[in-house]
Amino acid sequence: MVDTMMVSSAGEAATSGVSLVDIINVLIINIFAAVATGGAVVTSQFLGQKRKDKACQSADQLILVTGVVALVIMALSILLRWQILNLIYKGVTEEVMKNAVIYLTISASSYPFLAVYNSCAALFRSMGNSKISMQASIIMNVINVIGDALFIFGFHWSVAGAAGASLISRMIACFILMWRLRDPKLDIRIGTTKGVNMRMIKQILHIGIPNGIENSIFQLGRVLTVSIIAMFGTTQIAANAIANNLDSMGVLPGTAMCLAIITVVGRCVGAGDFEQAEYYAKKMMKLTYIINGICCLVVILTMPVTLRLYGVSGETRHLGAVLALIHNGCAIFLWPAGFCLPNVMRAANDVKFPMCVSIASMFIFRIGLSYVTGVAWGMGGIGVWIAMIIDWIVRITFFAIRFFSGKWKTFYHGE
């Protein structure tokens, strides 16, 4: 959010370039998060079984897998950066594309550090110790903000400054968490095993791959919908970027609870106590609705102030406000069930159902309907965001039926 705000001082072309790449970055980050989620589920289940030795083994394998995957993605992203951006965002102005290429090149260099950081943070959450990852996150973001101010306003590096600050902050956060995970007092620590344990990796990927496919397709859908919005010009691209910033702030509590659900339900499932798993799932969903709703309302009520922080035109600011209002207003009632509830199923190894529902709903409603409402009906970005809300409603319907049927409880069979 700070990146976008500060870069906006360099103009709408810079803001648009960063926003286009950030959509791709979120796609990549979700691949890392999916593998980390697979590791978190496996380690949580081992801790539920009181198998700390196995939990430590899974931690080492998780770091290994995420590191290798991230290095491959980094290399491909840098080597094929022009081809990737031209394929997805064909038709954007030359200035926007130039900024996007610079931002993607530097951002991709941070992928390995961000991937390992995410995995380490997931391991701390599996132990019920999110305080350490929170502290590392605070340090990372403080460094990022200071770096943004120095590089963008001091050195006038524009998008390169924003990406460079993110790279440095992610490196530091990664090294902090890896160092903390070597503490022998922890239930889970890294460096206790050597070599590759294919059986353990398969357990992690059994959860991580379907989740990764689901998250990747979901984010790919966002990329494709942004490519539709890009057809409407720089103003709508920049407005979409602003709205995405504000939206992410609104659902922060929900995102946090998504991660917490994995740990709590995974522990219960590992212990074979599905009655407790269902009890805590319902309790945490209620909490998510309350805190997520409050946060969305705060974002809506403070928009007259926060929108002034963006150095864009009045038209862009107004459209960004409309899009943010659509998202956060509907998120109060829909977001937790659409995005937190499927994590209950994943924690119990029921991973294919949420993946299939999400992919089908994404292509039919978020992408297909976006073209109808945005392009055919001439509603522009507003039509695209309305299609997104319909996608949420469809997802929720299937997830709610699955949860209350209890079928998600039949997929875990122990180690």
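The values are calculated or read from the model by the stated rules, or taken from the named source; none is laboratory data. Quick caveat: nothing in here was measured; it's all calculated off a predicted structure. As a convention, Cβ positions derive from the backbone with ideal geometry for all residues, glycine included, and neighbour counts pool all protein chains shown. Accessible surface areas use protein heavy atoms only, side chains included; no ligands, DNA or RNA. Shrake-Rupley method; radii C 1.70, N 1.55, O 1.52, S 1.80 Å.
Values as computed for the structure displayed
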quantity: Distance between modelled label sites at residue 325 and residue 95, nm, 7 Å Cα→Cβ extension; calculated: 3.0 nm
quantity: 17 Å cut-off, amide nitrogen to a point 7 angstrom out along residue 199 Cα→Cβ, residues in the stretch 26-44; calculated: 42-43
quantity: Proximal aspartates and glutamates relative to residue 131, as straight alpha-carbon distance under 17 Å, when same-chain residues fewer than 8 apart are discounted; calculated: 183, 187
quantity: Summed residue charge, Cβ within 13 Å of residue 264's Cβ, Lys/Arg positive, Asp/Glu negative; calculated: +3
quantity: The stretch 152-276: radius of gyration and largest Cα-Cα distance (Dmax), Å; calculated: 20.4, 58
quantity: In order through the stretch 296-313: 3J(HN,Hα) via Karplus (6.51 cos²θ - 1.76 cosθ + 1.60), integer Hz, x for Gly, Pro; calculated: 4, 5, 4, 4, 5, 5, 9, 4, x, 8, 5, 5, 6, 6, 9, x, 10, 5
quantity: The stretch 122-260, relative contact order [Cα under 8 Å, separation at least 6], %; calculated: 17 percent
quantity: Candidates 111, 279, 289: whichever shows maximal mean-square fluctuation once the chain is modelled as a Gaussian network with Cα springs under 10 Å; calculated: 279
quantity: Residues of the stretch 225-262 with amide N under 20 Å of a point placed 7 Å along Cα→Cβ from residue 1; calculated: 238-260
quantity: Whole-Hz ³J(HN,Hα) from phi, Karplus 6.51 cos²θ - 1.76 cosθ + 1.60, for the stretch 240-245, glycine and proline x; calculated: 5, 5, 4, 4, 4, 4
quantity: The stretch 169-324: relative contact order in percent, alpha carbon pairs under 8 Å with at least 6 residues between; calculated: 27 percent
quantity: Cα gyration tensor shape of the stretch 280-367, rounded if a/c is under 1.5, else prolate or oblate by comparing a/b with b/c; calculated: oblate
quantity: Backbone N within the stretch 162-189 under 16 Å of label point (7 Å from residue 134 Cα along the Cβ vector); calculated: none
quantity: Sulfur and carbon atoms: percent of accessible area, the stretch 221-295 [1.4 Å]; calculated: 65 percent
quantity: Low-density loop cleavage sites - trypsin sites (Lys or Arg not before Pro) in the stretch 1-83, where at most 15 other Cβ are within 10 Å (DSSP); calculated: 50
quantity: Under 16 Å from the Cα of residue 283 - lysines, other chains or at least 8 residues apart; calculated: none
quantity: Potential extension, residue 364-residue 155 segment - 0.36 nm per residue separation minus Cα distance; calculated: 70.7 nm
quantity: Mean accessible surface per residue for the chain, computed with a 1.4 Å probe while every protein chain stays in place, in Å²; calculated: 42 Å²
quantity: Nearest-0.05 FRET efficiency for residue 305 and residue 146, computed from C-beta distance (R0 22 Å); calculated: 0.45
quantity: In Hz, Karplus ³J(HN,Hα) per residue of the stretch 108-115 (6.51, -1.76, 1.60; θ = phi - 60°; x = Gly, Pro); calculated: 4, 5, 8, 4, x, 5, 5, 5
quantity: Under 24 Å from residue 98, Cα to Cα: lysines that are on another chain or at least 8 residues apart; calculated: 90
quantity: Viscosity 1.306 mPa s, 10 °C: Kirkwood-radius Stokes-Einstein D of the stretch 33-151 over Cα pairs, µm²/s; calculated: 97 µm²/s
quantity: Highest to lowest packing among 402-408, 7-13, scored as the average C-beta count within 10 Å; calculated: 7-13, 402-408
quantity: Loop-located trypsin sites (Lys or Arg not before Pro) in the stretch 150-213, at most 16 other Cβ atoms within 10 Å (DSSP); calculated: 182, 185, 194
quantity: Value of [θ]222 nm, deg cm²/dmol, for the chain, DSSP H segments ≥ 4, -39500 (n - 2.57) each, nearest 500; calculated: -26500 deg cm²/dmol
quantity: Heavy-atom accessible surface of the stretch 1-114: percent carbon and sulfur, 1.4 Å; calculated: 66 percent
quantity: The chain: relative contact order as a whole-number percent, Cα under 8 Å and 6+ apart; calculated: 22 percent
quantity: Mean Cβ neighbour count within 10 Å, used as a protection proxy, ranking 316-329, 297-310, 114-127 highest first; calculated: 114-127, 316-329, 297-310
quantity: Residue 86 paired with residue 187, simple spin-label distance in nm, labels 7 Å along Cα-to-beta-carbon; calculated: 5.2 nm
